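What follows draws every value from the coordinates through simple rules; no lab data is involved. Everything quoted here is computed from the prediction, not taken from an experiment. Note that each Cβ is placed from the backbone with ideal geometry, even for glycine, and that neighbours are counted across all protein chains shown.
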């Protein structure tokens, strides 16, 4: 189902009515969020403005993890989701978002990319692990 991110129907800050002087525009269109899970790698393509493509990550079992001490990034397997400070509900459902803490083969890591919009899981290894 398409979501609209326009504000044609909203009221003014003073409380007065705003009457739409135009119709909805295609660029105001949005969509349902892509909730990235742990599983076999699946990407969803979406046409972007200008005819380009955007990739949304539906599921993946690998993450690019950066070790800040050694300055080396490695592709490692995601073992499980430890916490998701964005929402308790997302944590319960196992959804990976930016800021989520995942357990990898190298240790605990914090996700720095937006998998639902970037199409990849990038993370930074947490120190002291």
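Per-structure values
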item: Sites residue 70 and residue 5 - FRET efficiency at Förster radius 41 Å, r taken between beta-carbons, to 0.05; result: 0.45
item: Residues residue 89 and residue 17, FRET efficiency given R0 of 35 Å [Cβ-Cβ distance, rounded to 0.05]; result: 0.50
item: Among 111-124, 2-15, 31-44, the order from most to least packed when residues are scored by Cβ within 10 Å on average; result: 111-124, 31-44, 2-15
item: Label-point separation in nm, residue 103 to residue 40, each point 7 Å along Cα→Cβ; result: 2.5 nm
item: Most to least packed among 85-94, 17-26, 61-70 [average Cβ atoms within 10 Å]; result: 61-70, 85-94, 17-26
item: For the chain, average projected area of the Cα convex hull in nm²; result: 11.4 nm²
item: Whole-Å distance, taken between Cα centres, linking the range 82-103 and the range 1-47; result: 24 Å
